[in-house]
């Protein structure tokens, strides 16, 4: 699992910082999460192939999280894309995109599928044989979801020593990987646990931005490997965080601690602070494993 | 008059080039012309004060000419703008902007005025005491206007030698600047032309993008000081230019020649060409005074 931060600063794009967008590569799928203005240029800068993106997840309809989407959709079209594109985002996103395509008389030459979200409770919005994506309802000034990306549990790994020892033929291997016990010709039954090792533990990533401190998300993100949680402000601005329904670095750390996650990545920094290391310092007083997102940074999870 | 090119490349924003946007400074007014994605960052890079922009002119609703507008409007709001903003653009632009503001629950704290255009003939859309702006109906795949910016003729310049010679009192100076003759106490009438020099010749700038070769614009842009005319392609791609309703460098030069303009600036280059100097070379075979727009370049007119 690899996370590339295209942008992680709050509010407006500037010459040196970009609004929210990130690419999660998981089991050879490339998920684009949020799409602030300038995302298509950030994708180019980070050498991410446009054609590998088939799903886009939009957390909410504030500009710094979606103003780059119509441009990306148009560019896909200009580049001759023919593969379907799926957009997951709040109700209204379809109207915004289709209105602009209609008025510019520029329909896409690929199929565009909108999966509009309006549920107030967590729901599974994407699932294939390797990955499941569920929403994390957040609390912000407009309807907002975080997204939980979970690898599915893979096949069990063959214990070849044991298998050869019992002279089991290779035509049974898939059955064994699937967790079945094996009956030998002499009638003995060999339990699957003696023939296999546990599969690699599936990884999980939770993206939570934008939101006020919101303990209702704990049960959804419990034990995830990596939590990206917004920290627009420091604790010194906690009143402002509450008023604007954003979080402080300390609050993000408290969520990470209570949800028992392995690692916390901070982002969505207000540009009022000169340095972002202060966010890490503040969060570490609560939770030890804190990383800082920054534009162009990648995390191998 | 000063023209700053924020972006002048066709189609999609890339790491090194930007879609169409430019700022025309004329008589201390700052007019923003078109607003492709990334315009707000280009304004910052070129150190143009956001607060000085009060009028935005959008030629047409193709993404590379307006996808940056909603972001700019939002950023103005986040920066605490209170001054009115006037948007001049094709019918539909109001719906696009208001829909996005409504869905993001982010109304501006300044007044936003939309002047929607749908006339097929040239019309005056802005006028104050110093400047007039009229549309230049163009021919493209969607409804498109160019814009003609004209300084108004200023006051006549006082000929101080003649004025002192006739012992004319200073309370008459404004009357003289306005072109009036003066009656002396002895009854003689001094003609204004003996007391003044002609005012500085007002400058004019015509922006024409995007359009196919279209002679109908000649009467509107005749004798302008500077014509910016799109040249998406070279003559070698003239069939493609006709098909997509764009122009070649040679066609832009032919328009400049026939309209008897003083200078031609080329722009809106397709990114298929390795260098933009070929556009200048081709245009110069028809018309001598050819300049090349490029992102970040300024022209003092």
Review point. Do you know which of the residues in the range B:82-113 that are away from chain A (no Cβ under 11 Å) and crowded, with 18+ Cβ neighbours inside 10 Å is nearest to residue B:222 (Cα to Cα)?
Key: B:88
Exercise for review: Could you identify the single residue in B:125, B:168 that is at pLDDT below 95 and crowded, with 16+ Cβ neighbours inside 10 Å?
Suggested key: B:168
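Looking at residue A:78, is it surrounded by 14 or more Cβ atoms within 10 Å (Cβ to Cβ), within 14 Å of chain B (Cβ to nearest Cβ) and without any contact (Cβ under 8 Å) to a residue 24 or more places away in the chain?
For residue A:78, the condition - surrounded by 14 or more Cβ atoms within 10 Å (Cβ to Cβ), within 14 Å of chain B (Cβ to nearest Cβ) and without any contact (Cβ under 8 Å) to a residue 24 or more places away in the chain - is met.
Is it fair to say residue A:251 is more than 16 Å from the chain's Cα centre (by Cα) and modelled with pLDDT of 95 or more?
It is true that residue A:251 is more than 16 Å from the chain's Cα centre (by Cα) and modelled with pLDDT of 95 or more.
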Point to revise | Residue count for the range A:54-67, restricted to those that are over 13 Å from the mean Cα position of the chain (by Cα) and over 25 Å from residue B:72 (Cβ atoms) | key: 1
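What residue, of A:105, A:109, is assigned to a loop (DSSP other than H, G, I, E, B), in contact (Cβ under 8 Å) with a residue 12 or more places away in the chain, within 26 Å of residue B:90 (Cα to Cα) and assigned by TED's automatic domain parsing to the domain that holds residue A:13?
Result: A:109 is the single residue among A:105, A:109 that is assigned to a loop (DSSP other than H, G, I, E, B), in contact (Cβ under 8 Å) with a residue 12 or more places away in the chain, within 26 Å of residue B:90 (Cα to Cα) and assigned by TED's automatic domain parsing to the domain that holds residue A:13.
Restricting attention to the range B:35-54, which residues are in contact with a strand residue (DSSP E or B) (Cβ under 6 Å, 6 or more places away or on another chain) and either under 18 Å from residue B:10 (Cα atoms) or at pLDDT below 95 (or both)?
B:35, B:36, B:39, B:42
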Review point. Could you give every pair whose Cβ atoms fall below 8 Å, whose first residue belongs to the range B:189-208 and is closer than 20 Å to residue B:260 by Cα, and whose second residue is modelled with pLDDT of 95 or more and part of a helix (DSSP H, G or I), counting only separations of at least 6 or pairs across chains?
Key: B:206/B:220; B:206/B:221; B:208/B:217; B:208/B:221; B:208/B:255
Point to revise | Pair list, Cβ under 8 Å, 6 or more apart: the range B:4-17 residue free of Cβ contacts under 8 Å to residues at least 12 places away in the same chain, other residue crowded, with 24+ Cβ neighbours inside 10 Å and not in a loop (DSSP other than H, G, I, E, B) | key: B:15/A:41
Exercise for review: Kindly check whether there is at least one residue in the range B:12-19 that is surrounded by fewer than 23 Cβ atoms within 10 Å (Cβ to Cβ) and at pLDDT 95 or above.
Suggested key: yes
Review point. For the range B:216-283, list the helices (runs of 4 or more DSSP H) that sit wholly inside it and hold at least 3 residues that are crowded, with 18+ Cβ neighbours inside 10 Å; which are they?
Key: B:249-258
Check your understanding: Is there any pair linking a residue in the range B:176-187 that is over 14 Å from residue B:163 (Cβ atoms) to one that is exposed (fewer than 11 other Cβ atoms within 10 Å of the Cβ), with Cβ under 9 Å and at least six apart or on different chains, and which?
Key -> B:183/B:189
Study note, to complete from the structure: Going through (1) touching a residue at least 40 places away in the same chain (Cβ under 8 Å); (2) more than 14 Å from every other protein chain (Cβ to nearest Cβ); (3) in contact with a helix residue (DSSP H, G or I) (Cβ under 9 Å, 6 or more places away or on another chain) one by one, residue B:131 fails only at (3)
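The values are calculated or read from the model by the stated rules, or taken from the named source; none is laboratory data. In this text the structure is predicted, and so the values were computed from the model without any measurement. A quick note on method: Cβ atoms are made from the backbone with ideal geometry, for glycine too, and the neighbour counts reach across all protein chains shown.
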